[in-house]
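The values are calculated or read from the model by the stated rules, or taken from the named source; none is laboratory data. Note that the structure is predicted; figures quoted are calculated from it, not measured. Here Cβ is always computed from backbone atoms with ideal geometry, including for glycine, and neighbour counts include all displayed protein chains. Each accessible area value is taken on the protein alone, full model and side chains, heavy atoms only, with ligands, DNA and RNA left out. Shrake-Rupley method; radii C 1.70, N 1.55, O 1.52, S 1.80 Å.
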Amino acid sequence: QVQLVESGGGLVQTGGSLRLSCAASGRTFSSYTMAWFRQAPGKEREFAAANSWSGGTAYYDDSVKGRFTISRDNAKNTVYLQMNSLKPEDTAVYYCAAKNGRGSYKASNYDYWGQGTQVTVSS
């Protein structure tokens, strides 16, 4: 069982930066693929970034590639999402997710979810 708690969301102007954190409980955090998804009002939850258990492989959606960076610290059971050059279209609730095995772009493949943290980018 893994419990996830996100933090770091907030209001930022266009072009600004935020860093989201996701603290995980559970002794096997290091074996999980960790990901960030986001959901804007009236839209489906969409993949943003994922990081393999070793941290050596990262995957990004094209919409965030070059602006967002996912990283993890297995010693602290924490995964991060550094978001730079934020745009109004990045406004969404951001969710941390975890799964065993290989990474996936599909939300339905993830077993554990956090409660979400709101990110609002003003124009």
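Some observations on this one:
- Where residue 73 falls short, out of the listed (1) closer than 21 Å to residue 5 by Cα; (2) free of Cβ contacts under 8 Å to residues at least 40 places away in the same chain; (3) buried (at least 16 other Cβ atoms within 10 Å of the Cβ): (3)
- The single residue among 38, 19 that is among the charged types (D, E, K, R) and either touching a His at 6+ places or on another chain (Cβ under 9 Å) or open to solvent by less than 30 Å² (accessible area, probe 1.4 Å) (or both) turns out to be 38.
- Looking across the stretch 79-101, the residues that are part of a strand (DSSP E or B), hydroxyl-bearing (Ser, Thr, Tyr) and either closer than 16 Å to residue 40 by Cβ or over 11 Å from the mean Cα position of the chain (by Cα) (or both) come down to 94, 95.
- Verdict on residue 66 being under 22 Å from residue 13 (Cβ atoms) and surrounded by fewer than 15 Cβ atoms within 10 Å (Cβ to Cβ): yes
- Tabulated pairs, the stretch 104-123, first open to solvent by 50 Å² or more (accessible area, probe 1.4 Å), second aromatic (Phe, Trp, Tyr), C-beta under 9 angstrom, 6+ apart or interchain: 105/47; 105/59; 106/47; 111/32; 113/37; 113/95; 115/95; 118/94
- Here residue 51 passes the criteria (1) in contact with a strand residue (DSSP E or B) (Cβ under 8 Å, 6 or more places away or on another chain); (2) surrounded by fewer than 23 Cβ atoms within 10 Å (Cβ to Cβ) except the one numbered (2).
- Residue among 33, 28, 57, 91 that alone is open to solvent by less than 50 Å² (accessible area, probe 1.4 Å) and more than 24 Å from residue 123 (Cβ to Cβ): 33
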